[in-house]
C-alpha cells in the first residue's frame, strides 16, 4: 500500500501543478529509485509468501536435491480436518 501511494505521489508531484510548490519534488531520480527499490521488495516478499504457502518443504527439498511437492493453497494435507 505504501509503495502504491508513494508512486501516486510521485506521479502527481512530477507531472502536474496540483500540489503547492513546497510539496513538489525536485530530486526525481532519488525518489524514483527509492520507489523502484520499494516495489521490488514488495514483489519479492509476495513471491516468498506464495512459495512458502504452496511449497512448505521448499528450502529442505532444495538442500536434498529434489523437487518440492507444491500444492495450491488450502489443499495441504497438514491442515485437513481428518
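The values are calculated or read from the model by the stated rules, or taken from the named source; none is laboratory data. Since this is a predicted model, take the numbers as computed values, not measurements. Cβ atoms come from the backbone with ideal geometry, glycine included; neighbour counts cover every protein chain shown.
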Counted residues, the stretch 33-56 - those being at pLDDT below 90, in contact with a helix residue (DSSP H, G or I) (Cβ under 9 Å, 6 or more places away or on another chain) and part of a helix (DSSP H, G or I): 2
Of all residues in the stretch 13-29 being assigned to a helix (DSSP H, G or I) and in contact with a helix residue (DSSP H, G or I) (Cβ under 9 Å, 6 or more places away or on another chain), the one that is nearest to residue 43 (Cα to Cα): 28
